[in-house]
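The values are calculated or read from the model by the stated rules, or taken from the named source; none is laboratory data. These numbers were taken from a predicted model, which means no experiment stands behind them. Here the Cβ positions follow ideal geometry from the backbone for every residue, glycine too, while neighbour counts run over all protein chains shown.
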């Protein structure tokens, strides 16, 4: 566990250092990538360890974001820490409730239940426009964290933006916690249920309970990412709940190799930078390029990015031996 | 004349070694009984012959031609058909549609050929005629078994593979099935019957192959 | 014989147990009892209802009618997971195993489940690895000739059967139900497997019910035999008095 | 009098909406039933049918053909688009992923969706398209003082005829029955000599053509813009779940139920217009995870 702490500290130091030198735009992109990796890390637990494909994480992301937006608009909470805690609590609670429904289903049925939930949230956000602002979305003013640090701006050291600092800090903490989750008994139970559900049951493990916990944790992470997204982006709209956003999260998870949280960390950075620059340079056709890359990856390297890295590594080892 | 020759065949399902170097052959016009307990590898053997499972080593020779790598449909085209243990009728097609399915698939059969073959099948199993227009899911297990065998016969194959054909049949029907297999034999159809129960096979088989734990234990001529 | 003593020794009592699937009477009015420490083999031809009986006792299926009394408690509505916690553990005919774990990890998962720590998601597994648990894993691997660090997906068919049984023993069961533990392994491995199972069972005083179709195995290892056919028990006693081996082979279709 | 008018309009709206849902979800469910793949790009097929009919209708009109020929243009566009997509997408892409795990199949078809959406943008540009001529040409129907576009009735009739033809094809032709038996039991169909590869291509093409025809039919009633179809695909998920995965008849009945639920909700509680469909889906998944009509197969 000490090793994990060091690993996280090193990552934190790197991110911190990067904040001093990178431009504001790059910091923004990197922040967004970290939020995406938070959601994808939840999916690593759910898909990679548990074998359940959720196409609904975008909904929890949106619930986190809209919790902040609506609490700000209607209840006037000005403390970012309270908004953060409440946003995450609400999302976690909802993901627990959806988990109760979804944990009984598997495979396609599970994927579809999560899509359905996602689309319910999306349509509610669009149709209840007098509350949610509809497709125009909501503006999020820059509230202050602990009464001193605005969640957006440049009040911190040198060129580092506040939101970048907040996000990398929380990201590192979550990384550390997730390392624990991955080495916990529950993670073993998840893998057991994924590999051989019936055998797990005959060892006294309840698949439903295991899946509810994993689903709730994934929702918890998406909730954190969503609330932070509201702080980061100043403006939120219902598209983040649309099922294609969830599809992006699933893609990042696969790109990262499904079972590696560092893999998805890299994958989400790669994905968002790729997407952003594709939009800049090709305007309308970024989806084409991304779709093409996904398809090639699946057809040629079924294990994802870390699969490719793994192959190269193994290849070298074999090469050295002979 | 040897119709089918199985030479040193090894079959794996996943990583599990199911058939271990099995070899046996069947002469044209013979009835061969493949006997062994549950899980011995009988169904695997039949599925390998029809082409539903790939073999890892060895070969299967049919009429002098190595068919080990042919897809199932080409083996059907060469005259091998299969009736699975668990009947596997298409439950929302009617009984007659189920029987005709292989004819439609083959594409090369004329209407009159189909009618002729169907008539032969109905001669072997006259009671099927009575419920031929019912949905396959609405007939009893024993009747389904008959239909499944009829479906394997309608192409008038050279070699028919029957997996546990007597299971679930009432003794009277089972005895009639014995007579039917004899009738098929007189038509020149070669038959492999996989059974865990010797009772019926003993009465009809020319040769009995005993399989256990994926290995051929003995081959005996049955008097 | 003293009646109360007799009862104290009784582990499982099955009374007029029935399981119908539509019109098929898979288990049709079965009654028997098992005492602590007994080793029983259930034999019978294809479709005799052996596996269904195991499924009923282990809770994988619920009976149509009848009673299952285990240590004085009625089980008909108890879930499989509850029964595991009560000490009824089973293996499956075709072992489904945890392909992404190693032998050691699989055993630890099972032991954590036994200790009711399996749902903890914040604590590192290593924190649970007291000496005693490590020793337990080592012993089980030793007993069943398994290498701790070997990934499950690289095990041979025989080793998979053994790991399946080792996992069952790691739960420290009172009653162990094994569904054809030697099916699918080659004939030279089968005695070896049964040998190991019974040695550990004797050591741990586990009661064992085995479904088996191999006459040689049954004859050599099991003092008590239950012969089933068409959902009913036809014989319950020692092998010697059952009937001639030849006729038995005929019945089993060997 | 007003009540009767209202009832007629509810009835018509339900039928019209159900025919669109059915065209897309019957096809989706057929592909799922036969190929065992949930095709996330199925919705884009609808869009392709719609866009191609824009091109066809426009060129028909620019050749100076009379407006009533545009209905032929719509049908041609739907059929050509479906057959083209069927014979390209299945053999080139889907065939390579049948043996893969579910998540890769889902992601591959998701990627296909992204690609096809941009292909649409590439061909037809990012702007909106309208072809109202076939819609306006038929004029309005007067129902109890309320004028109701006749094109909707046309859409409904044609849609039901297409569904009926599909039904007859699957139930009364040899190929139809072979497709059904492959869907029901792939292994045994193989053993009976079925060329499963070809059946897959046919089934996918039929499913795709139903979607593209659906697209062609609705094209005159909406303004086409990139991404408009991604809502339809999730709607058809809901239908497919309620009808039972792979159950073609179930998908049809579920389309009716969903359309009725939506029509009523629009009148009573318009904010829940789309949510209601997903709520029904959630309920069905909880109460009857196999779909409403399992056992009726």
Residues (more than 8 Å from chain D (Cβ to nearest Cβ) and part of a helix (DSSP H, G or I)) located in region A:102-117: A:102, A:110, A:114
Quick check on my filter: what residues within region C:201-225 are within 14 Å of chain B (Cβ to nearest Cβ) and under 17 Å from residue C:179 (Cβ atoms)? C:211, C:212, C:213, C:214, C:217, C:218
Taking region C:73-114 and the residues there that are at the interface with another protein chain (Cβ under 9 Å from one of its Cβ atoms), free of Cβ contacts under 8 Å to residues at least 24 places away in the same chain and over 22 Å from residue C:178 (Cβ atoms), the one that is surrounded by the fewest Cβ atoms within 10 Å (Cβ to Cβ) would be C:105
Could you go through region B:144-152 and let me know if any residue there is over 17 Å from residue B:184 (Cα atoms) and free of Cβ contacts under 8 Å to residues at least 24 places away in the same chain. no
Somewhere in region A:170-177, is a residue surrounded by fewer than 24 Cβ atoms within 10 Å (Cβ to Cβ), in contact with a helix residue (DSSP H, G or I) (Cβ under 6 Å, 6 or more places away or on another chain), more than 17 Å from residue A:84 (Cβ to Cβ) and within 10 Å of chain C (Cβ to nearest Cβ)? no
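Just to verify a result, which residue in region B:186-201, among those that are surrounded by fewer than 17 Cβ atoms within 10 Å (Cβ to Cβ) and modelled with pLDDT under 85, is nearest to residue C:188 (Cα to Cα)?
The initial filter retains those residues of region B:186-201 that are surrounded by fewer than 17 Cβ atoms within 10 Å (Cβ to Cβ), namely B:186-188, B:199.
So of that shortlist, the ones also modelled with pLDDT under 85 come out as B:187, B:199.
Numbers: B:187: 43, B:199: 29 Å.
In this case the residue turns out to be B:199.
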Residue by residue through region B:61-80, note down the ones that are crowded, with 20+ Cβ neighbours inside 10 Å, within 12 Å of the chain's Cα centre (by Cα) and more than 8 Å from every other protein chain (Cβ to nearest Cβ). B:80
By residue number, the members of region D:138-159 that are surrounded by fewer than 16 Cβ atoms within 10 Å (Cβ to Cβ) and either assigned to a loop (DSSP other than H, G, I, E, B) or touching a helix residue (DSSP H, G or I) at 6+ places or on another chain (Cβ under 8 Å) (or both) are D:139, D:140, D:141, D:143, D:144, D:145, D:146, D:153
Cβ pairs under 6 Å, 6+ apart or interchain, first in region D:111-128 and facing chain A (nearest Cβ under 7 Å) and under 17 Å from residue D:223 (Cα atoms), second at pLDDT below 90 and assigned to a helix (DSSP H, G or I), ordered by first then second residue, are D:117/A:287
Tell me yes or no: at least one residue of region A:24-41 is out of contact with any strand residue (DSSP E or B) (no Cβ under 9 Å at 6 or more places or on another chain), surrounded by fewer than 23 Cβ atoms within 10 Å (Cβ to Cβ) and not in a helix (DSSP H, G or I). no
Which number in (1) under 15 Å from residue A:200 (Cα atoms); (2) surrounded by fewer than 18 Cβ atoms within 10 Å (Cβ to Cβ) marks the one condition that residue C:128 misses? (1)
Which of the residues spanning region C:72-103 are modelled with pLDDT under 90 and on the phi > 0 side of the Ramachandran plot? C:72
Residue list for region D:165-179, filter: crowded, with 20+ Cβ neighbours inside 10 Å and at the interface with another protein chain (Cβ under 7 Å from one of its Cβ atoms): D:177, D:178
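So, in region D:247-261, how many residues would count as being within 11 Å of another protein chain (Cβ to nearest Cβ) and surrounded by 21 or more Cβ atoms within 10 Å (Cβ to Cβ)?
Just the residues of region D:247-261 that are within 11 Å of another protein chain (Cβ to nearest Cβ), to begin with: D:247-249.
Narrowing the set further to residues that are surrounded by 21 or more Cβ atoms within 10 Å (Cβ to Cβ) leaves D:247-248.
Count: 2.
Condition first: more than 30 Å from residue A:144 (Cα to Cα) and surrounded by fewer than 24 Cβ atoms within 10 Å (Cβ to Cβ). Can you find one or more residues in region A:212-226 that meet it? Even if it seems obvious, please write down each step before you answer.
Step one: list which residues in region A:212-226 are more than 30 Å from residue A:144 (Cα to Cα), which gives A:212-215.
This time we only want the ones that are surrounded by fewer than 24 Cβ atoms within 10 Å (Cβ to Cβ), so: A:212-213.
So far as region A:212-226 goes, yes, one or more of its residues are more than 30 Å from residue A:144 (Cα to Cα) and surrounded by fewer than 24 Cβ atoms within 10 Å (Cβ to Cβ).
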Looking for something more than 14 Å from chain D (Cβ to nearest Cβ), more than 26 Å from residue C:100 (Cα to Cα) and part of a loop (DSSP other than H, G, I, E, B) - is there at least one such residue anywhere in region A:43-64? no
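Taking region D:215-234, which residues are within 14 Å of chain A (Cβ to nearest Cβ) and surrounded by fewer than 24 Cβ atoms within 10 Å (Cβ to Cβ)? Show your work before the answer.
As a first pass, look at region D:215-234 and keep what is within 14 Å of chain A (Cβ to nearest Cβ): D:225-234.
Those that are within 14 Å of chain A (Cβ to nearest Cβ) and surrounded by fewer than 24 Cβ atoms within 10 Å (Cβ to Cβ): D:225, D:226, D:227, D:228, D:230, D:231.
Looking only at helices (runs of 4 or more DSSP H) that lie completely in region A:184-262, which have at least 3 residues being on the phi < 0 side of the Ramachandran plot, in contact (Cβ under 8 Å) with a residue 40 or more places away in the chain and more than 9 Å from chain C (Cβ to nearest Cβ)?
Working: elements: A:185-195, A:197-202, A:207-233, A:243-255.
Output list reads A:207-233, A:243-255.
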Could you tell me how many of the residues in region A:109-138 are under 14 Å from residue A:73 (Cα atoms) and within 19 Å of the chain's Cα centre (by Cα)? 0
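Residue-wise test of (1) more than 28 Å from residue C:20 (Cα to Cα); (2) touching a residue at least 60 places away in the same chain (Cβ under 8 Å); (3) surrounded by fewer than 18 Cβ atoms within 10 Å (Cβ to Cβ).
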{"position": "C:141", "(1), (2), (3)": "yes, no, no"}
{"position": "C:144", "(1), (2), (3)": "yes, no, no"}
{"position": "C:163", "(1), (2), (3)": "yes, yes, no"}
{"position": "C:177", "(1), (2), (3)": "no, yes, no"}
{"position": "C:194", "(1), (2), (3)": "yes, no, no"}
{"position": "C:199", "(1), (2), (3)": "yes, no, yes"}
{"position": "C:213", "(1), (2), (3)": "no, yes, no"}
{"position": "C:231", "(1), (2), (3)": "no, yes, no"}
Residues of region A:134-164 classified as out of contact with any strand residue (DSSP E or B) (no Cβ under 8 Å at 6 or more places or on another chain) and part of a helix (DSSP H, G or I), total: 5
